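Here's the structure we're looking at; comments come further down.
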Amino acid sequence: MSKALDGVRILDFTHVQSGPTCTQLLAWFGADVIKVERAGAGDITREQLRDIPDVDSLYFTMLNHNKRSVTIDTKNPEGKQVLEALIQKCDVLVENFAPGALDRMGFTWERIQELNPRMVVASVKGFGPGPYEDCKVYENVAQCAGGAASTTGFDDGPPVVTGAQIGDSGTGLHLALGIVTALYQRTHTGRGQRVLAAMQDGVLNLCRVKLRDQQRLERTGTMKEYPQYPNGQFGEAVPRAGNASGGGQPGWILKCKGWETDPNAYIYFITQAPVWAKICNVIGKEEWATDPDYATPAARLPHLKDIFAEIERWTMTKTKFEAMQILNRYDIPCGPILSMKEIAEEPSLRKTGTIVEVDHPTRGKYLTVGNPIKLSDSPTEVTRSPLLGEHTDEVMAELGYSPEQISALRTAGAI
Ligand code: COA
């Protein structure tokens with residue numbers, strides 16, 4: 001079956017996580033992704049957090065599936081020429097170097113346009129134009145600068161970063177959308193363009209509801225769905241809301257059977273208004289369904305702490321899966337806190353290709369997260385990440401270099 005991005009060639013100049021996430025998605029949609037790496041070293045993640053000596057790390061393999069790897073020294077004059085040939089042949093250049101690195105290499109936007117006016121040049125940077133534009137940025141810096149950390153955690157504790165890589169993988173996703181959008185516009189204009197996804201902007205986009213809350217707080221001085229209401233204090237900025245779910249449907253994380261020894265024996269429980277009577281029945285507090293202090297969402301707000309304590313007395317008598325089964329029977333929204341071990345072993349995720357087992361020539365079998373976006377006419381087949389420089393000769397031949405020229409460039413250290 002054909003793939004959505006068949007025929008699109010990507011010059012993948014990305015490293016670490018944010019850029020590789022983006023180009024991996026494009027590869028899964030069928031683009032030919034040619035990853036350009038530094039000869040001898042490659043993407044730094046190949047050797048980071050290694051679990052097997054001298055074998056590409058899971059960090060690298062899990063972010064670089066379905067790509068080809070070419071090693072070029074882009075600071076070597078002959079290496080530069082090879083890169084120029086690639087720029088002429090590709091549709092998109094994706095990079096996430098430190099600010100200015102591509103220009104220092106000699107590949108300014110103007111130069112790239114001279115070489116290929118149809119090329120889309122897509123970049124991840126830590127910050128957009130402004131006081132921090134020259135900073136190098138990693139995941140947690142973006143989480144902090146994008147508003148996620150100040151709004152995550154508990155009121156009486158410090159800001160907290162999340163396990164989800166919203167700065168890196170989140171920005172990679174934003175960039176991927178920018179790239180396919182620019183490619184679509186190119187079908188009308190015939191021109192490439194620059195695409196920029198700044199990590200601070202990407203995180204802030206995902207924290208949109210917190211900027212909503214900032215303005216609500218400034219107008220009214222309080223926010224009823226926050227755990228600070230009605231007894232705590234609100235300051236000038238959006239506070240950390242713990243595990244509150246917000247909106248008109250209060251939620252919290254509650255202990256389940258086994259919590260004393262299992263750090264993930266918890267369930268997220270939402271006291272959704274339409275099923276309040278059912279919740280009362282399940283936990284054995286039938287009287288709350290009609291008690292004026294508990295019967296309506298507004299009446300319940302000042303009692304939420306006690307309500308969740310009462311519900312927890314019930315959830316602690318069930319495992320998270322038993323609680324899930326019972327609550328789902330009554331359409332009561334809830335979610336088990338799944339550990340990575342449980343997720344890795346979940347058969348339904350294997351079935352949909354969201355968790356995939358991949359074979360690798362030096363690593364052997366390992367698990368990865370497959371394409372979370374499923375297209376009915378463009379199925380994803382996850383193939384292993386490339387070894388360093390595995391496709392150098394193949395790609396050079398496609399660019400028109402003869403075996404003799406390839407060997408001379410290798411001797412010169414250009415590839
Ligand atoms: N041949 C020769 N040189 C190469 C090369 C190649 N194939 N590929 C890269 N290089 C050079 C670059 O030209 C650059 O040289 P310069 O500093 O002399 O200009 C150098 O390698 C290092 O690139 P840089 O991006 O500065 O790497 P770093 O390890 O110092 O910084 C980051 C890493 C991630 C902090 C930085 O790249 C960054 O801020 N990126 C943007 C934000 C981002 O994506 N962050 C998230 C990462 S998950």
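The values are calculated or read from the model by the stated rules, or taken from the named source; none is laboratory data. Owing to the predicted nature of the structure, the values given are computational and were not obtained by experimental measurement. Please note: Cβ atoms are built from the backbone with ideal geometry, for glycine as well, and neighbour counts cover all protein chains shown.
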Quick one: Phe154 ticks every box in (1) over 21 Å from Val94 (Cβ atoms); (2) among the hydrophobic types (A, V, I, L, M, F, W, C); (3) within 16 Å of the ligand (Cβ to nearest atom) except a single one, so which number is it?
-> (3)
Boolean, Ile337 is assigned by the TED database to the domain that holds Asn264 and either touching a helix residue (DSSP H, G or I) at 6+ places or on another chain (Cβ under 7 Å) or at positive phi (or both) = no
For Phe97, indicate whether it is within 9 Å of the ligand (Cβ to nearest atom), assigned to a loop (DSSP other than H, G, I, E, B), in the same structural domain as Glu37 (by the TED database) and at pLDDT 95 or above.
-> yes
Does Ala145 satisfy the condition of being more than 8 Å from the ligand (Cβ to nearest atom), closer than 30 Å to Asp213 by Cα and either β-branched (Val, Ile, Thr) or touching a residue at least 24 places away in the same chain (Cβ under 8 Å) (or both)?
-> yes
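Condition check ((1) part of a loop (DSSP other than H, G, I, E, B); (2) polar (S, T, N, Q); (3) buried (at least 17 other Cβ atoms within 10 Å of the Cβ); (4) not assigned by the TED database to the domain that holds Thr392) across all residues:
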site: Val16; (1), (2), (3), (4): yes, no, yes, no
site: Gln24; (1), (2), (3), (4): no, yes, yes, no
site: Ala39; (1), (2), (3), (4): yes, no, yes, no
site: Glu78; (1), (2), (3), (4): no, no, no, no
site: Glu84; (1), (2), (3), (4): no, no, yes, no
Any helices (runs of 4 or more DSSP H) falling wholly within segment 137-213 and containing at least 2 residues that are in the same structural domain as Leu115 (by the TED database) and among the small types (Gly, Ala, Ser) = 139-145, 168-189
Picking from Thr368, Thr362, which residue would you name as being in a strand (DSSP E or B) and in contact (Cβ under 8 Å) with a residue 60 or more places away in the chain?
-> Thr368
May I ask you to list the residues in segment 38-76 that are within 16 Å of the ligand (Cβ to nearest atom), touching a residue at least 60 places away in the same chain (Cβ under 8 Å) and acidic (Asp, Glu)?
-> Asp73
Pairs returned, first residue in segment 90-117 that is touching a residue at least 40 places away in the same chain (Cβ under 8 Å), second residue that is near the ligand (Cβ under 7 Å from one of its atoms) and of a type in the set (Ser, Thr, Tyr), beta-carbon separation under 9 angstrom, 6 or more apart or interchain, are Asn96/Ser18
Residue by residue through segment 12-30, note down the ones that are in contact with a strand residue (DSSP E or B) (Cβ under 7 Å, 6 or more places away or on another chain), farther than 15 Å from Pro386 by Cα and more than 9 Å from the ligand (Cβ to nearest atom).
-> Cys22, Leu26
Answer with yes or no whether Lys35 is outside any helix (DSSP H, G or I), within 16 Å of the ligand (Cβ to nearest atom) and at pLDDT below 95.
-> no
Report whether or not Asn116 is buried (at least 21 other Cβ atoms within 10 Å of the Cβ), of a type outside the set (Val, Ile, Thr) and either under 24 Å from Val395 (Cβ atoms) or within 9 Å of the ligand (Cβ to nearest atom) (or both).
-> no
Return a yes/no flag: does segment 213-225 have any residue that is in contact with a Gly (Cβ under 6 Å, 6 or more places away or on another chain) and within 22 Å of Gln325 (Cα to Cα).
-> no
When Arg300 is evaluated against the numbered criteria (1) basic (Lys, Arg); (2) over 17 Å from Glu225 (Cα atoms); (3) surrounded by 14 or more Cβ atoms within 10 Å (Cβ to Cβ), which criterion, by number, is the only one it fails?
-> (2)
Here are Ala309, Ala277, Ala323, Ala237: which of them is small (Gly, Ala, Ser), assigned to a helix (DSSP H, G or I), modelled with pLDDT of 95 or more and under 32 Å from the mean Cα position of the chain (by Cα)?
-> Ala323
